[in-house]
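Okay, so here's the structure we're looking at.
The values are calculated or read from the model by the stated rules, or taken from the named source; none is laboratory data. Source: prediction; values computed, not measured. We place every Cβ from the backbone using ideal geometry, glycine too, and count neighbours over all the protein chains shown.
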Amino acid sequence: MLTFVGETGQTIYAQILGGAVQWWNLTTAAFESYDSANWSAYTIGMTEAGASGIYSGPTPALPNGSYTVVYRRQTGNDAATNDLAVAAEALVIGAGARLAEATVGVAS
C-alpha cells in the first residue's frame, strides 16, 4: 500500500517512475517513456482516511526493482501535468513484495 501524510481535504494521487525515467502505465501494466497523453494512465488514486490527512492507495504489481513514487496534489477536476508534486519516496520491490521505502523530498 502507498501512503502519503499531508493536510486533510486534498485530492492526492501517486505515480511510479522506474529506471531511465520510465512511467508506470496502469492501463498496460508496463513502464513506458513519458507521454503527456497518458497522464491519467500514470495516476494511482488515493483515499483519505476520514479527515486524518492520511491517504492510501494500492501498490501495483511491479517487477522486482527500485522505483520512485511521486505524490501529487490534484488542483482541478482531473489529474493534470501541472499538478504540484508534494512528496517523493524510494520504493524497493523484491520477490513481489514491498521491501523498503524512504521519503526523499517534500514540497510545501
message: Given the options W39, W24, name the one that is in a strand (DSSP E or B) and at pLDDT 95 or above.
response: W24
- request: Filter segment 1-35 down to residues that are small (G, A, S) and under 22 Å from V92 (Cβ atoms) and give me whichever is surrounded by the most Cβ atoms within 10 Å (Cβ to Cβ).
  value: A14
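Filter segment 42-52 down to residues that are within 15 Å of L2 (Cβ to Cβ) and part of a loop (DSSP other than H, G, I, E, B), then give me how many there are. Please lay out each step first, then the result.
Taking segment 42-52 and keeping what is within 15 Å of L2 (Cβ to Cβ), we get 42-49.
From the residues that got through so far, the ones that are part of a loop (DSSP other than H, G, I, E, B) too are 43, 46, 49.
Total meeting the criteria: 3.
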- request: Could you please find all residues in segment 61-88 being surrounded by 15 or more Cβ atoms within 10 Å (Cβ to Cβ), outside any strand (DSSP E or B) and not polar (S, T, N, Q)?
  value: L62, A79, D83
